[in-house]
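These notes are about the structure you will find just below.
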Amino acid sequence: MLFRSSDLRKGLKVEIDGEPYVVTEFQFSKPGKGQALYRCKLKNMITEVILDRTYRSGDTFQQAALEERRMQYLYNQENEFCFMDVQSYEQAFLKEDQLGDAKNFLIDNLEVDILFFGEKAIGITLPNFVNLTVTKADPWVKGDSAAGDSKPVTLETGYVLRVPPFIQEGEKIQIDTRTGEYVTRVKE
């Protein structure tokens, strides 16, 4: 599918020089004389390099050939994370830097959406909420007002966050993967 420069908007994914880019900023200007100009910042979805480009009205772009597949997290080895397609059982690998903060919420057999450009895995979308087990929680001392109304805990993935003082080691808690914050205790 071809896009025209007038179709440019924030979040649009296009292919430039054989690589997928997403429009992160967009500005339209129409000088007194001449063609309209479309200034944008484009972020490479693989390397995260940012380009500043100016396009004229009439310029065209190819839509990036992106596909999301439902996959299941299997394991990580060194700095590579392995995922398996739940339909075809094919495996795909993402590097730790491609995952970003998502690595803090990956547990065995968690189903996620993996973004592919052609046959190359380039990104991950987690469920909005995951349930994780607290592996380390210091006891909260009543009257400890220096820490406020929360205490730090460590989860099974190694992620550390602040939770209410009643949370204890061994409990499951729900985490919002978009913010990395505690939501609620999970009743089993």
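Descriptive notes on the structure:
- Per residue, the solvent-accessible area of the chain (1.4 Å probe, heavy atoms of protein chains only, all protein chains present) comes to 60 Å².
- When you work out D = kT/(6 pi eta Rh) for segment 1-92 at 10 °C and 1.306 mPa s, using the Kirkwood radius from C-alpha pairs as Rh and the Stokes-Einstein form, the result is 103 µm²/s.
- Around the amide H of Ile16, modelled in the peptide plane, lie the amide H atoms of Tyr21, all under 5 Å away and 5 or more residues distant in sequence or on another chain.
- Across segment 126-137, coupling constants 3J(HN,Hα) worked out from phi with the 6.51/-1.76/1.60 Karplus curve, θ = phi - 60°, read 7, x, 5, 10, 10, 9, 10, 8, 7, 9, 8, 8 Hz, and Gly and Pro carry x.
- About its Cα centre, segment 1-130 has a charge dipole of approximately 1100 debye under the convention of +1 per Lys or Arg Cβ and -1 per Asp or Glu Cβ, with nothing else charged.
- Distance violations [Cα-Cα > 19 Å] among Lys10/Lys103; Lys13/Lys95; Lys95/Lys172; Lys43/Lys103; Lys10/Lys33; Lys13/Lys120: Lys10/Lys103; Lys13/Lys95; Lys95/Lys172; Lys43/Lys103; Lys10/Lys33
- Within segment 15-95, the trypsin sites (Lys or Arg not before Pro) that combine a DSSP coil assignment with at most 13 other C-beta atoms in a 10 angstrom radius are Lys33.
- Carbon/sulfur fraction of accessible area - segment 36-188, other protein chains in place, 1.4 Å, %: 45
- Of the listed residues Tyr182, Tyr38, the order by accessible area with a 1.4 Å probe, largest first, is Tyr182, Tyr38.
- Percentage relative contact order, the chain, counting C-alpha pairs under 8 Å, at least six apart: 14
- Amide H partners (placed H, <5 Å) of Val186, local residues excluded: Lys172, Ile173, Gln174
- Simple point charges give the picture: +1 on the Cβ of Lys and Arg, -1 on the Cβ of Asp and Glu, and for segment 58-106 a dipole about the Cα centre of about 160 debye.
- Cα gyration tensor shape for segment 83-133, rounded if a/c is under 1.5, else prolate or oblate: oblate
- Computed from backbone phi, the HN-Hα couplings of segment 170-175 come to x, 7, 9, 10, 9, 10 Hz, rounded to whole numbers (Karplus: 6.51 cos²θ - 1.76 cosθ + 1.60, θ = phi - 60°; Gly and Pro given as x).
- Placed amide H near Leu110: partners under 5 Å, 5+ positions off or other chain: Tyr73
- Summing Lys and Arg as +1 and Asp and Glu as -1 over all other residues whose Cβ lies under 12 Å from the Cβ of Gln98 gives a net charge of -2.
The values are calculated or read from the model by the stated rules, or taken from the named source; none is laboratory data. As the structure is a prediction and not an experimental result, all values here were calculated from the model. Virtual Cβ from ideal backbone geometry, glycine too; neighbours counted across all protein chains shown. SASA here: full protein model, heavy atoms, side chains in, ligands and nucleic acids out. Shrake-Rupley method; radii C 1.70, N 1.55, O 1.52, S 1.80 Å.
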